[in-house]
């Protein structure tokens, strides 16, 4: 039987084992090879394999890293796992990671091809797709990013989702705590139930109890009818309590009892209702510090913090910043009817070099405002907010200052030298636009113009420090 036109990707760290797998398939299909997860993901950028054969063996260990990386990378085709270790635990690990079948090596001649045919077509050929290949996505349940810290978050979500125990999510504002809660809900085994979110810091304290537990008619002024609360709405699903540390202490006591018993009573009602709710809570504060300060009950903290999960700030996610920026740019350009597709190198350098104190939410807002306020196909540095570019420049200056402070023989520079370096660095950040550089530095454009004339008269060929700043920003 001649090989079909589509290919199968074989991933194995051991060259000898990889060659044996390829030989077992060469008469049935075309094959491509990769040694690890990074090479496999790179192959997905160039091709759309009909199936993947991935080895779990890593020397003396067993790892499903390749399968997880492919699934996180958006690959939706069949993945067959192979391993020399024949055990139920290994098979379970492979299936949980996303494999559709498991084979134990050594594999009998023709068996691998037959198992692939069972997944892809009864005639032994790999059929053409019924629809155009889907563009590879980097999303994981609403997230975008493949950085190591986010892969760890994805792994934790997968591990905690199936449990019924409460999850306590911490992280700075804008890091994606609600997206995390939704991902846990989707993978919890109860996605048919509702996902109900409440922000404990956005609802007045005197209404918070009614929002969670509901109220009976006449319970208070304005209660004109019986009404169920968020807990009843989430029955059989997930209740997400955001900014849990902002909850009033008296209500924390009632929440603790509800978590312990699964029973609630609406405000002004005598009837006790029983509900089945999965709790996910979140805060941007240090919960233990809130316990010490007496603003959060210790017993409630330990009842909720059974499965802790921390989200990293955007500044620690490396290349994820530009992946997110491009994803937001594409989404908002489509929504607003704009033609933006990518970023100029100078704009990308500013975005990648900014600290993003507001994290993903701030980046999202900047991209939406940029798309709405500007026209074009490529984002330039001039389109970015002044504060953004100024912040990226300050980050470069601070990095240079930290480097100087770490030197064994630090040099105290004259004020004029530092002044020139800062001005030249600002001009470089804005591609020589004097007005924008002056606005970022909060000085008059005439001041920069006058100083540059003085430097030209002095015949100075250039400032090495400014060149170093530009190198750091790039």
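The values are calculated or read from the model by the stated rules, or taken from the named source; none is laboratory data. Quick caveat: nothing in here was measured; it's all calculated off a predicted structure. Cβ: placed from backbone, ideal geometry, glycine included. Neighbour counts: every protein chain shown.
When the range 230-250 is filtered for residues that are out of contact with any strand residue (DSSP E or B) (no Cβ under 9 Å at 6 or more places or on another chain) and part of a helix (DSSP H, G or I), the ones remaining, listed by number, are 249, 250. Residue 49 meets the conditions (1) out of contact with any strand residue (DSSP E or B) (no Cβ under 8 Å at 6 or more places or on another chain); (2) assigned to a loop (DSSP other than H, G, I, E, B) in every case but one. The failed one is (1). Taken as a whole, the structure places residue 253 among residues that are surrounded by fewer than 18 Cβ atoms within 10 Å (Cβ to Cβ) and not in a loop (DSSP other than H, G, I, E, B).
Of the residues that make up the range 63-84, is at least one farther than 21 Å from residue 154 by Cβ and modelled with pLDDT under 80? No, the range 63-84 contains no residue that is farther than 21 Å from residue 154 by Cβ and modelled with pLDDT under 80. As a summary of the residue check, residue 471 satisfies the conditions (1) modelled with pLDDT of 75 or more; (2) over 18 Å from residue 380 (Cα atoms); (3) assigned to a helix (DSSP H, G or I) except for the one numbered (1). If you go through the range 429-439 and keep only what is buried (at least 20 other Cβ atoms within 10 Å of the Cβ) and in contact with a helix residue (DSSP H, G or I) (Cβ under 6 Å, 6 or more places away or on another chain), you end up with 429, 430, 437, 438. When restricted to residues that are surrounded by 17 or more Cβ atoms within 10 Å (Cβ to Cβ) and not in a loop (DSSP other than H, G, I, E, B), the range 66-116 contains 24. Of the residues examined, residue 116 is one that is modelled with pLDDT of 80 or more, over 20 Å from residue 16 (Cα atoms) and more than 28 Å from the chain's Cα centre (by Cα). Of the helices (runs of 4 or more DSSP H) lying entirely inside the range 259-344, those containing at least 3 residues that are over 24 Å from residue 356 (Cα atoms) and either in the same structural domain as residue 189 (by TED's automatic domain parsing) or over 30 Å from the mean Cα position of the chain (by Cα) (or both) span 287-292, 298-304.
Residues in the range 157-181 that are assigned to a helix (DSSP H, G or I) and either more than 16 Å from the chain's Cα centre (by Cα) or surrounded by fewer than 19 Cβ atoms within 10 Å (Cβ to Cβ) (or both): 159, 160, 161, 178, 179.
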